[in-house]
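Here's the structure we're looking at; comments come further down.
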Amino acid sequence: MAALSKFFSNLYTMSLIFFTLFVLEILTLIRSVIGSKPPPDKRVITTAQYLKLIEERNPATCFKNHYCRAWSPKPEMVAECRVCLSEFEDGEKIRKLQCDHVFHKDCLDTWLQQYCATCPLCREKVLPDDVVASYRRMRNQVEYDGNEEELIFLLSAIHGNSFHRIYF
């Protein structure tokens, strides 16, 4: 009789977990169909728009070794990207910021997307705060979508523990 009671108890727990997973999947489906639009005062910009704004303010150019002297009285100080720490090669895309610091275009763009939109060396702002906030809102929405999968994984792990108790 105790084994039957334990079986029904575990069956009830597993049913709750499956029902919760089913509800989460339905809510995710509804949310994706309806689509969530931010209020007008909470505008978001895409990564492409964000990178375009960076390009407009600090256009990328090709590195030429003879340009190095024009940037600094100490050319050895700017001959390397301070993000990846590798030397500039002729023909590589570089980006010079308003603060006169120079980086590989891809290194700087990655930095500006991952961290604050500031120079990696002196922390001078590259883009206005409202643009960065709009971009962060878009990134936070994307990160929030991933959290639903983490919740489902967590519930699946709980289900796995229930399964283990029933059969082992």
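The values are calculated or read from the model by the stated rules, or taken from the named source; none is laboratory data. The structure presented is a predicted model; accordingly, all values stated were derived computationally and were not measured. Cβ atoms come from the backbone with ideal geometry, glycine included; neighbour counts cover every protein chain shown.
Quick rundown of the values:
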| quantity | calculated |
| --- | --- |
| Positions within segment 96-109 being assigned to a loop (DSSP other than H, G, I, E, B) and crowded, with 16+ Cβ neighbours inside 10 Å, in sequence order | Leu97, His101 |
| Any hit, segment 89-110, residues being at pLDDT 90 or above, closer than 24 Å to Arg43 by Cα and not hydroxyl-bearing (Ser, Thr, Tyr) | yes |
| Hits in segment 15-57 (condition: surrounded by fewer than 15 Cβ atoms within 10 Å (Cβ to Cβ), among the hydrophobic types (A, V, I, L, M, F, W, C) and either farther than 30 Å from Val126 by Cα or modelled with pLDDT under 85 (or both)) | Leu16, Phe18, Phe19, Phe22, Val23, Ile26, Leu27, Leu29, Ile30, Val33, Ile34 |
| Residue under evaluation Val142, criteria (1) surrounded by fewer than 18 Cβ atoms within 10 Å (Cβ to Cβ); (2) under 30 Å from Ser32 (Cβ atoms); (3) at pLDDT 75 or above, criterion not met | (3) |
| In segment 110-119, the residues that are crowded, with 16+ Cβ neighbours inside 10 Å and either of a type in the set (A, V, I, L, M, F, W, C) or assigned to a helix (DSSP H, G or I) (or both) | Trp111, Leu112, Ala117, Cys119 |
